[in-house]
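Working notes, beginning with the structure itself.
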Amino acid sequence: MFRPFPIAPSSRSKPLPAIDAIDVAARYFVYKLSDATNGQPGAWHKLGGIGERPETVAKAVERGWVVIRKEGGKGKVQSGALTNEGRVVARKGLRGL
């Protein structure tokens with residue numbers, strides 16, 4: 001007969017940090033942007049084609065992973081490029097896939 005093994009939390013274990021959904025989405029946005037620019041330093045890509053929410057892009061910018069610029073006249077188009085730190089994040093994440 002099988003008896004379940006009780007797992008009691010250790011008093012020495014540290015609680016895991018809470019992971020915000022926007023942080024996760026921002027990381028995946030960095031992976032997508034890296035893929036779209038082939039990981040090239042200084043390469044810009046139009047963000048409309050990637051299809052990310054503004055909150056996700058803003059979080060990636062806040063983290064220092066991406067820089068954005070607006071181009072054009074009336075119908076301004078946003079483009080994004082990975083920073084050095086953003087390329088490191090993308091390499092670390094894509095290495096595990």
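The values are calculated or read from the model by the stated rules, or taken from the named source; none is laboratory data. Quick caveat, the model's predicted, so the values are computed rather than measured. Cβ atoms come from the backbone with ideal geometry, glycine included; neighbour counts cover every protein chain shown.
Here are the numbers for this structure:
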| item | result |
| --- | --- |
| Search result, residues across the stretch 47-70 that are more than 12 Å from Phe29 (Cβ to Cβ) and either touching a residue at least 60 places away in the same chain (Cβ under 8 Å) or among the hydrophobic types (A, V, I, L, M, F, W, C) (or both) | Val67 |
| Which listed residue, of Ala58, Ala81, Ala26, is modelled with pLDDT of 90 or more, in a helix (DSSP H, G or I) and crowded, with 17+ Cβ neighbours inside 10 Å | Ala26 |
